[in-house]
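Notes follow once the structure below has been shown.
The values are calculated or read from the model by the stated rules, or taken from the named source; none is laboratory data. Owing to the predicted nature of the structure, the values given are computational and were not obtained by experimental measurement. Neighbour counts run over all protein chains shown; Cβ positions are idealised from the backbone, glycine included.
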Amino acid sequence: MNLFINQLQNKKDFRKAVYSGDIFLNTNLQAPVDLCDFARHSITAAFKGETDHQALHTMMPVEEFVTLVTHLKGQFTNCLEVKEMIRRFVLEIGADPAEYLFDVPRVRVVPNYNYLHAGVSYAYKPHRDTWYGGSDCQINTWMPVYTIQPDQTMMINPAYFAAPVKNSSADWNLSNWINVQRSLAKDNVKEEVRVHPVPLEDISTASEIRIAANAGEIITFSGSHLHGTVPNYTAQTRFSVDFRLVHIADLLAGNGAVNVDSGAKDAEAGFKELIHVSDFSHFQGVNQ
């Protein structure tokens, strides 16, 4: 398993590398910088002109914070400008937009854990996105909106990439999550009562990687990697942006990382949320 620095662009075999567990860190791409800049403008707008974003959780009751974050997330996810930046990212790395789908872009907001760690700021336990119904060929991207430290970031645990973990994914329902549970995030303030697929055994942190990147530096990795939120006990709210790419031919052919432990049964329920990078039309499924 390897870490490539500034080599994602024009690397023809990057999908094969990602599917084998390799991780890419790019510090020199313009589209992620633009995404994070747009995210900062969106945060300011959602929080009524406040520009000290990392201190927002100190300025208001948690209930007000949740309401404003909910508005921010909805605006960002459904924004045409953000979708256009994702297409520019695909072009910038030398890939063909016609060959790719993307999941809706998201801005994540992680304040101090004791202030809020549920609902709109859920601190994800170690998981693979395949446990949530993601495809084996899902390619994740993640970037901080502001420079972060290791105790504020997201962790990846490469030791488990090919090692199965006992988990509850077989009992989790993607359709129910999309149609019912996702919209209840704003109602989960004191604790997370929505059901998530989680490990059913202890996870060793000995091989955990925490990449402390600067604003707009982007990490690209397989959705099959075990990863999760590092609980944020710092005085700063962490903002990040992520989106997922899916290569259409790989999805149709069943290519991707080896599924070592996911029991998710209704992955097709998520296909309707995938969007063509080329024209932003919605994917019609594997039989389109």
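In summary, Leu252 fulfils each of the numbered conditions (1) on the phi < 0 side of the Ramachandran plot; (2) part of a loop (DSSP other than H, G, I, E, B) with the single exception of condition (2).
With the condition kept exactly as written, say whether any residue in region 211-224 is closer than 29 Å to Val62 by Cα, part of a loop (DSSP other than H, G, I, E, B), touching a residue at least 12 places away in the same chain (Cβ under 8 Å) and among the β-branched types (Val, Ile, Thr). Taking every residue of region 211-224 in turn, at least one turns out to be closer than 29 Å to Val62 by Cα, part of a loop (DSSP other than H, G, I, E, B), touching a residue at least 12 places away in the same chain (Cβ under 8 Å) and among the β-branched types (Val, Ile, Thr). Taken over region 260-278, the criterion of being hydroxyl-bearing (Ser, Thr, Tyr) and touching a Pro at 6+ places or on another chain (Cβ under 7 Å) is satisfied by Ser278 alone.
Scanning region 104-116 for residues that are at pLDDT below 95 and surrounded by 20 or more Cβ atoms within 10 Å (Cβ to Cβ) yields a single hit, Pro105. Looking at Ala31, Ala39, Ala55, can you tell me which residue is in contact with a Ser or Thr (Cβ under 9 Å, 6 or more places away or on another chain), closer than 20 Å to Met154 by Cβ and small (Gly, Ala, Ser)? The match here is Ala39. With respect to the conditions (1) exposed (fewer than 14 other Cβ atoms within 10 Å of the Cβ); (2) assigned to a loop (DSSP other than H, G, I, E, B), Ser262 falls short on a single one, namely (1).
The single condition among (1) crowded, with 20+ Cβ neighbours inside 10 Å; (2) without any contact (Cβ under 8 Å) to a residue 24 or more places away in the chain that Asp13 does not satisfy is (1). Cβ-Cβ contacts under 9 Å between residues 6 or more apart (or on different chains), taken from a first residue in region 266-288 that is farther than 27 Å from Pro197 by Cβ to a second residue that is part of a loop (DSSP other than H, G, I, E, B) and at pLDDT below 95, are listed as His276/Phe283. Evaluated against (1) surrounded by fewer than 15 Cβ atoms within 10 Å (Cβ to Cβ); (2) in contact with a Phe, Trp or Tyr (Cβ under 7 Å, 6 or more places away or on another chain); (3) modelled with pLDDT of 90 or more, Val195 falls short on exactly one condition, (3).
Whenever a residue of region 184-197 is part of a loop (DSSP other than H, G, I, E, B), its partners that are surrounded by fewer than 16 Cβ atoms within 10 Å (Cβ to Cβ) and of a type in the set (Gly, Ala, Ser), lying with C-beta atoms within less than 6 angstrom and at least six residues away or across chains, give the pairs Pro197/Ser168. A single entry from Ser207, Ser224 fulfils the requirement of being at pLDDT below 95, over 16 Å from Pro144 (Cβ atoms) and either surrounded by fewer than 24 Cβ atoms within 10 Å (Cβ to Cβ) or hydroxyl-bearing (Ser, Thr, Tyr) (or both): Ser207. Residues in region 75-112 that are farther than 18 Å from Lys272 by Cα and small (Gly, Ala, Ser): 2 in all.
Against the conditions (1) part of a strand (DSSP E or B); (2) crowded, with 21+ Cβ neighbours inside 10 Å, Asn232 satisfies every one except (1). Taking region 164-183 as the range and being more than 19 Å from the chain's Cα centre (by Cα) and loosely packed, with under 12 Cβ neighbours inside 10 Å as the test, the residues that pass are Pro164, Lys166, Asp171, Asn179, Val180. Residue count for region 51-66 under the criterion of being surrounded by 15 or more Cβ atoms within 10 Å (Cβ to Cβ) and touching a helix residue (DSSP H, G or I) at 6+ places or on another chain (Cβ under 9 Å): the result is 5.
Being out of contact with any Leu (no Cβ under 8 Å at 6 or more places or on another chain), over 26 Å from Asn259 (Cα atoms) and of a type in the set (Phe, Trp, Tyr), is that true of even one residue in region 142-153? Looking through region 142-153, at least one residue is out of contact with any Leu (no Cβ under 8 Å at 6 or more places or on another chain), over 26 Å from Asn259 (Cα atoms) and of a type in the set (Phe, Trp, Tyr).
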